[in-house]
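Peer 1: Structure below; questions to follow.
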2 protein chains.
Amino acid sequence: MTRIAIPADSPFGLANLPYGVFSTPGLSPRVGVRVANTVVDLAAALGDDVFARPSLNPFMAQGYGRWVEVRERIIDLVSGDVPGSAVHPVGAVTPHLPIEVADYVDFYASEHHASNLGRLFRPDSEPLMPNWKHLPVGYHGRAGTVVASGTDIVRPSGQRKAPSEDTPSYGPSRRLDIEAEVGFIVGTTSPLGTPVPTDEFSEHVFGAVLLNDWSARDIQAWEYVPLGPFLGKSFATSISPWVVPLLALESARVATPLQDPEPLPYLQEKNAWGLDLNLVVEWNGQVVSRPPYREMYWSPAQMLAHMTVNGASSRTGDLFASGTVSGPEKDQRGAFIELTWGGKEPVEVNGEPRTFLEDGDEVTISATAPGASGASISFGEVRGRVLPAR
Amino acid sequence: MTRIAIPADSPFGLANLPYGVFSTPGLSPRVGVRVANTVVDLAAALGDDVFARPSLNPFMAQGYGRWVEVRERIIDLVSGDVPGSAVHPVGAVTPHLPIEVADYVDFYASEHHASNLGRLFRPDSEPLMPNWKHLPVGYHGRAGTVVASGTDIVRPSGQRKAPSEDTPSYGPSRRLDIEAEVGFIVGTTSPLGTPVPTDEFSEHVFGAVLLNDWSARDIQAWEYVPLGPFLGKSFATSISPWVVPLLALESARVATPLQDPEPLPYLQEKNAWGLDLNLVVEWNGQVVSRPPYREMYWSPAQMLAHMTVNGASSRTGDLFASGTVSGPEKDQRGAFIELTWGGKEPVEVNGEPRTFLEDGDEVTISATAPGASGASISFGEVRGRVLPAR
């Protein structure tokens, strides 16, 4: 038996306890919980085969009651002695994609981001579309290309046409970008024909991750009318390995910004699900932005209520993301197209002026949030490096 | 042993042999092949457990060589005596969703449909967007709400705003519509970073189904800018139970209409994959449209090449649909919004003027195609009835 050392200021202390999927040279992928600088093998520690699986889906599908119960058991467990064979140093494990993604939906919930993109993509129109303040605008993305943090991102090729060009050409994207987002993972299904009201959010959503919605802006700008983004996004979406349970985010809950006009009744919340998450974007190791999630106009409970209001079912493993998190200040913008204003205002990265991503660049997004009892909890990070086009 | 009677003019003869998933009161869902008016239980007839599964995915994942081999074995089998216990009258089985859908993509490949919708949705602009003739425009839909033919379609509710209204309201869709489409099913995966060239289409795509992309036009019109259709489509997409193998469609291959401007090289085809399928749309039992698939501007091989040109992977069970099949004539339009010109020109259905779908309406889409040796082969049908909003 061993006692896990949990420093009082650990961002992975008892207030956090995020779940992930890991392997070691001797163990096939399985569910673990991150505790301080260790990963606890839950199948070994709790003797429950639901954790001996290569994704969180079977456990998530067991529902809210089990999520509460297992969290309490883990707190009991790691507060005392743990079987030594169940404890691995975090540096000795390989993290994997934590979930099997069912459907992937990407929203567009930051007013600052949507306004900035509107100005950049449609300079001759109002920056926000007439629907934007009435509903959380979103679209379906490609579930099959959601990848684990650390997966290399090959620069995508495709059709691009600059406004100055007469015809499109084929080639590697010249405007490869990131979007710093937060992703929410559905644990409990809802059947066809049954919307999920905002006040049932916490019974359906298991937890949250950081998400980088890699974006080829030149491909996107040419293709996206009238059916929305497609190949400009579908080549890769990276998520962080540790799923922070919604149960760990109670202390992070805040009101969303004032919503005016008042949303339709199905979008109103009895209890606010704004979240005080503080994101940090690093470009080749240098912090270039600190997007504040509390500025997001639409809450994740409103996103789920909207996504299902037409009777669409939701499944265990559905992933829906917030859209780029951008605040009102320039250094709070979560996409480089905004941060550099379409490439016209370079930012300095390690002493060099930079606009879009170059081959070899690495981007890391991390986040912290207030946890229970004054703790600060960490989302870990989502990371990816750009490789040259093939 | 029994001999299956196959009339010479059966649209489910040896030139067709579509696969599906069926159950009986005594048998759990499993793979069958439709032969004339029977369904042959392949696990029982061929003694192969890959067919004792509730979806075609495990068999499809075995790849092109196996598809060819199994088709030959089935032709041998049903040309002689078949074990009686493996043969079921088609009327005695329950069909199920034939595949486990991975990602679902919907294209927009009919020039007639895209032009008509452009005129209806954006009357002040050019009907076709500048990108339309350069690439097959498409977007991701909701995989989790692809349902089996015969599933009732509950009228969706959501936000709608008519141009004459100042603000949106919540309520049941008032403009519920269909889209008559053909869906293509990926059998063989392609890994991240590896586009599928047009001339490898037949090694990756296992077969085709009929697809009804139910559409709430009022919800769609309000929500779709700038990220594309979402809740106006995601409540349900119905597919036909019998997957016609691509191997059965060799005689249906035709050239696509002239593509001008010439597509970029990655979209060019050495061998044409236009298809001479003849769709029929019935509204409450009355034929209202006969959309000709051979009029589609973009071929399915071009769709798959485009969908993967950015390096996006594809998975067994990926479903991509053509978009509404509409021909140049009014009675060849595959959506009621086109057929009734936005509801302004009602069509007569069983003696009554009709525009969009009413509760209780039933829509059936069927199709035939030329098969080998002069046969005509059938896609069966996809059918759904509208139930009132909940």
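The values are calculated or read from the model by the stated rules, or taken from the named source; none is laboratory data. If you're wondering where the values come from, they're calculated on a predicted model, not measured in any experiment. Counting neighbours? That spans all protein chains shown, and the Cβs are built from the backbone with ideal geometry, glycine included.
Peer 1: Quick check on A:D76: is it surrounded by fewer than 17 Cβ atoms within 10 Å (Cβ to Cβ) and assigned to a loop (DSSP other than H, G, I, E, B)? It would help to see each step written out before you state the result.
Peer 2: Values: surrounded by fewer than 17 Cβ atoms within 10 Å (Cβ to Cβ): yes; assigned to a loop (DSSP other than H, G, I, E, B): no.
Criteria not met by A:D76.
Peer 1: Same structure again: What is the number of the single condition among (1) under 25 Å from B:T237 (Cα atoms); (2) more than 9 Å from chain A (Cβ to nearest Cβ); (3) out of contact with any Leu (no Cβ under 7 Å at 6 or more places or on another chain) that B:V225 does not meet?
Peer 2: (2)
Peer 1: Is it the case that some residue within the range B:9-26 is touching an Asp or Glu at 6+ places or on another chain (Cβ under 6 Å), outside the structural domain of B:S202 (by TED's automatic domain parsing) and at pLDDT 95 or above?
Peer 2: Narrowing the range B:9-26 to residues touching an Asp or Glu at 6+ places or on another chain (Cβ under 6 Å): none.
There is no residue in the range B:9-26 that is touching an Asp or Glu at 6+ places or on another chain (Cβ under 6 Å), outside the structural domain of B:S202 (by TED's automatic domain parsing) and at pLDDT 95 or above.
Peer 1: Anything in the range B:281-294 that is in a strand (DSSP E or B) and crowded, with 17+ Cβ neighbours inside 10 Å? List them, or say none.
Peer 2: Kept after step one, since they are in a strand (DSSP E or B), are these residues of the range B:281-294: B:281-283, B:286-289, B:292.
B:V281, B:E282, B:W283, B:V288, B:S289, B:P292 - these are the residues of the range B:281-294 that are in a strand (DSSP E or B) and crowded, with 17+ Cβ neighbours inside 10 Å.
Peer 1: Let me ask another. Which one of these is free of Cβ contacts under 8 Å to residues at least 60 places away in the same chain and either buried (at least 24 other Cβ atoms within 10 Å of the Cβ) or over 17 Å from B:S322 (Cβ atoms) (or both): B:L258, B:L247, B:L264?
Peer 2: Being free of Cβ contacts under 8 Å to residues at least 60 places away in the same chain and either buried (at least 24 other Cβ atoms within 10 Å of the Cβ) or over 17 Å from B:S322 (Cβ atoms) (or both) holds for just one of B:L258, B:L247, B:L264, which is B:L258.
Peer 1: Taking the criterion of being in a strand (DSSP E or B) and under 18 Å from the mean Cα position of the chain (by Cα), would at least one residue in the range B:322-341 satisfy it? Can you show your working first?
Peer 2: So in the range B:322-341, the residues in a strand (DSSP E or B) come out as none.
The answer is no; no qualifying residue exists.
Peer 1: In addition: Check A:V386, A:V363 and return the single one that is more than 28 Å from A:V39 (Cβ to Cβ), assigned to a strand (DSSP E or B) and touching a residue at least 60 places away in the same chain (Cβ under 8 Å). Working first, answer last.
Peer 2: Values: A:V363 fails: more than 28 Å from A:V39 (Cβ to Cβ).
Result: A:V386 is the single residue among A:V386, A:V363 that is more than 28 Å from A:V39 (Cβ to Cβ), assigned to a strand (DSSP E or B) and touching a residue at least 60 places away in the same chain (Cβ under 8 Å).
Peer 1: For the range A:114-149, how many residues meet the condition of being crowded, with 21+ Cβ neighbours inside 10 Å and assigned to a loop (DSSP other than H, G, I, E, B)?
Peer 2: Total satisfying the criteria: 6.
Peer 1: Now for a different question. Out of B:V33, B:V70, B:V39, report the one residue that is without any contact (Cβ under 8 Å) to a residue 60 or more places away in the chain, within 20 Å of the chain's Cα centre (by Cα) and closer than 26 Å to B:S373 by Cα. Outline the logic, then answer.
Peer 2: Values: B:V70 fails: within 20 Å of the chain's Cα centre (by Cα); B:V39 fails: within 20 Å of the chain's Cα centre (by Cα).
Of the residues listed, the single one that is without any contact (Cβ under 8 Å) to a residue 60 or more places away in the chain, within 20 Å of the chain's Cα centre (by Cα) and closer than 26 Å to B:S373 by Cα is B:V33.
Peer 1: Oh, and also: Looking at B:D106, B:D152, which is the one that is among the acidic types (D, E), surrounded by 24 or more Cβ atoms within 10 Å (Cβ to Cβ), under 21 Å from B:T364 (Cα atoms) and at pLDDT 95 or above? Before the answer, list the steps.
Peer 2: Working: B:D152 fails: surrounded by 24 or more Cβ atoms within 10 Å (Cβ to Cβ).
The unique qualifying residue is B:D106.
Peer 1: Ok, one more. Report whether or not B:V101 is under 30 Å from B:F230 (Cβ atoms) and touching a strand residue (DSSP E or B) at 6+ places or on another chain (Cβ under 9 Å). Please lay out each step first, then the result.
Peer 2: Numbers: under 30 Å from B:F230 (Cβ atoms): yes; touching a strand residue (DSSP E or B) at 6+ places or on another chain (Cβ under 9 Å): yes.
In short, yes.
Peer 1: Another question, if that's okay. Out of the residues in the range A:320-340 that are among the hydrophobic types (A, V, I, L, M, F, W, C) and more than 12 Å from chain B (Cβ to nearest Cβ), state the one that is surrounded by the most Cβ atoms within 10 Å (Cβ to Cβ). Give the derivation first.
Peer 2: Of the range A:320-340, the ones among the hydrophobic types (A, V, I, L, M, F, W, C) are A:320-321, A:325, A:335-337, A:339.
So of that shortlist, the ones also more than 12 Å from chain B (Cβ to nearest Cβ) come out as A:321, A:325, A:335-337, A:339.
Working: A:A321: 30, A:V325: 34, A:A335: 27, A:F336: 29, A:I337: 25, A:L339: 24.
Looking at residues that are among the hydrophobic types (A, V, I, L, M, F, W, C) and more than 12 Å from chain B (Cβ to nearest Cβ), I get A:V325.
Peer 1: Another question, if that's okay. Please tell me if A:S110 is within 12 Å of chain B (Cβ to nearest Cβ) and not β-branched (V, I, T).
Peer 2: Values: within 12 Å of chain B (Cβ to nearest Cβ): no; not β-branched (V, I, T): yes.
Answer is no for this residue.
Peer 1: Restricting to the range A:1-56, name every residue that is of a type in the set (G, A, S), assigned to a loop (DSSP other than H, G, I, E, B) and touching a helix residue (DSSP H, G or I) at 6+ places or on another chain (Cβ under 8 Å).
Peer 2: Let us first name the residues in the range A:1-56 that are of a type in the set (G, A, S), namely A:5, A:8, A:10, A:13, A:15, A:20, A:23, A:26, A:28, A:32, A:36, A:43-45, A:47, A:52, A:55.
Then keep just the ones that are assigned to a loop (DSSP other than H, G, I, E, B); that gives A:5, A:8, A:10, A:13, A:15, A:26, A:36, A:47, A:52, A:55.
If the condition is that a residue be of a type in the set (G, A, S), assigned to a loop (DSSP other than H, G, I, E, B) and touching a helix residue (DSSP H, G or I) at 6+ places or on another chain (Cβ under 8 Å), then A:A15, A:A52 are the ones that fit.
Peer 1: Just one of the numbered conditions (1) buried (at least 22 other Cβ atoms within 10 Å of the Cβ); (2) in contact with a strand residue (DSSP E or B) (Cβ under 9 Å, 6 or more places away or on another chain); (3) among the aliphatic types (A, V, I, L, M) is not true of B:A305; which one?
Peer 2: Just one mismatch for B:A305, condition (2).
Peer 1: From the list A:A61, A:A52, exactly one residue is in contact with a strand residue (DSSP E or B) (Cβ under 6 Å, 6 or more places away or on another chain), surrounded by fewer than 20 Cβ atoms within 10 Å (Cβ to Cβ) and not assigned by TED's automatic domain parsing to the domain that holds A:S240. Which is it? Reasoning before the result, please.
Peer 2: Values: A:A61 fails: in contact with a strand residue (DSSP E or B) (Cβ under 6 Å, 6 or more places away or on another chain).
One residue alone meets the criteria, A:A52.
Peer 1: Identify all residues within the range B:86-144 that are touching a residue at least 40 places away in the same chain (Cβ under 8 Å) and of a type in the set (F, W, Y); write none if there are none.
Peer 2: Once the filter is applied, which keeps residues that are touching a residue at least 40 places away in the same chain (Cβ under 8 Å) and of a type in the set (F, W, Y), the range B:86-144 yields B:Y104, B:F107, B:Y108, B:F121, B:Y139.
Peer 1: Listed residues A:P241, A:P261; which is over 16 Å from A:V182 (Cβ atoms), modelled with pLDDT of 95 or more, in contact with a Ser or Thr (Cβ under 9 Å, 6 or more places away or on another chain) and assigned by TED's automatic domain parsing to the domain that holds A:S366? Steps first, answer last, please.
Peer 2: Numbers: A:P241 fails: over 16 Å from A:V182 (Cβ atoms).
Among A:P241, A:P261, only A:P261 is over 16 Å from A:V182 (Cβ atoms), modelled with pLDDT of 95 or more, in contact with a Ser or Thr (Cβ under 9 Å, 6 or more places away or on another chain) and assigned by TED's automatic domain parsing to the domain that holds A:S366.
Peer 1: Here's something else I'd like to know. When the range B:145-172 is examined, which residues are found to be free of Cβ contacts under 8 Å to residues at least 60 places away in the same chain and within 8 Å of another protein chain (Cβ to nearest Cβ)?
Peer 2: B:T167, B:P168, B:S169, B:Y170, listed by residue number.
Peer 1: For the range B:239-266, name all the residues that are away from every other protein chain (no Cβ under 12 Å) and not in a loop (DSSP other than H, G, I, E, B). Lay out the reasoning, then the answer.
Peer 2: Here is the first cut: in the range B:239-266, the residues away from every other protein chain (no Cβ under 12 Å) are B:239-260.
The answer is B:I239, B:V243, B:V244, B:P245, B:L246, B:L247, B:A248, B:E250, B:S251, B:A252, B:R253, B:V254.
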